[in-house]
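Working notes for the structure below.
Bear in mind that the values in this text are calculations on the coordinates, not laboratory data. Here the structure is a predicted model, which means the values were calculated and not measured. Here the Cβ is made from the backbone with ideal geometry for all residues, glycine too, and neighbour counts use every protein chain on show.
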């Protein structure tokens, strides 16, 4: 016979579960009714706007609710251009809502508010009842993000594992300024520290000024040394009306090639020691792809130009360095599948040249140094080769080159039973590349011309393979099985599995 106390406990526990279940059902029903109410309200609002889209309105005020730490002068630069007092004609209701929506989008892009920014419209008491123009007040409701955030974690990719810490202080002075402190330590990047202060200019999320300070120590086993960097820089970036982006920056950095291995080549030993690089850099970007890591249509064009040690820049090294990158993607229709099939073809091309300059007036032009030259090969550019596996070598060391060209072709196919909406693809690829050092000529221009001509002399190094691609929101992951098909003497291929993580793949 059951203990009456135990039976009573079981009864009360059963009743409690029944009550909880009823409360859960009530909560679900309330949530469903609220969702239906919101959907109907949105539908009524859309119908109301549709029938009154040509109604003439003036915006008398715009206010932000929830911006306690955002200063008024910062918001005035956003809001004042929309006020009808600063315009020579009234809006239509559709125009007013479109302009307010643009401002709400800008607020989201400053990264100081949560993504949801709600818009409310109020009509104050009319001062002129006979007027055919409606006066409205705009209220934007937002919720500020936490001003300080701390992240720690680990990274694994490109044959390196690391641990990192990141501290961000947002909206420091109430104008979307931010200070970011990064620290990391890993198997290849032994230590890296960086402090970056970033601020929008004139309340424009597309125009920004940045100042950064960095210190790092990185092992470079492919060239038998360790590189230590300490420096600072300043950047100014902006966007044009066509959507292209520019960045102009200055960097001053002290570099040290140290920690040479016992078998380091004469080239590495010759370049060991300290140098100071003082350079200005310009980056131009036009990105028309529909996805940064898994595009199915669109194109990208990017150029990077750097001038170091010339004229007033000073420093121990002088050169002109330029790179260009292009890529395009097209969707491939499949018979029997309506709309986007998820199958796409992408192709990319990169090329670069380093042109040595004289450090001072009257001095001779010197050969480039190993820490300024291009490196080619690895899971994020020419797959099927080891990191820096292509190009000139001196004994066991990859010493880099002054001119290169590389290209790839990729066919991306959705996995069966996974679907095209998942960021997971099967990849078939073929890529090729060639990296050369400048030939010794009477002048640097003759050397560049003859070396560029040599790029087309013979077949480049080629590899092909199959792999899996996963497009995470912050990076692209690839696991490929690669097979080198063409290699030159001394180059290092990578037959078998190769794992890569990055934001910029060839």
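Brief remarks follow.
- Helix axis angle, 93-109 relative to the chain longest principal axis, alpha carbon, degrees: 50
- Ranked by how many other beta carbons lie within 10 Å on average, peptides 375-387, 266-278 from highest: 375-387, 266-278
- Working note: Cα atoms of segment 442-489, range along each principal axis, descending, whole Å: 50, 28, 15.
- Reciprocal mean inverse distance between Cα atoms of segment 400-506 - Kirkwood radius, Å: 16.0
- Share of pairwise Cα-Cα distances greater than 22 Å in segment 202-360 is 61 percent (whole percent).
- Note on segment 67-107: Kirkwood hydrodynamic radius from all Cα pairs is 11.2 Å, rounded to one decimal.
- Our helix-only sum for the chain, with -39,500 (n - 2.57) per DSSP H run of n ≥ 4 divided by its residues, gives a mean residue ellipticity at 222 nm of -6000 deg cm²/dmol.
- Short-range pairs are left out: with C-alpha atoms under 8 Å and at least six residues apart, the relative contact order of the chain is 8 percent.
- The Cα center of segment 413-441 and the Cα center of segment 467-495 differ in position by 8 Å.
- Segment 291-434 - Kirkwood radius from inverse mean 1/r over Cα pairs (Å): 17.9
- If you wrap the tightest convex hull around every Cα atom of the chain and split its volume per residue, you get 277 Å³.
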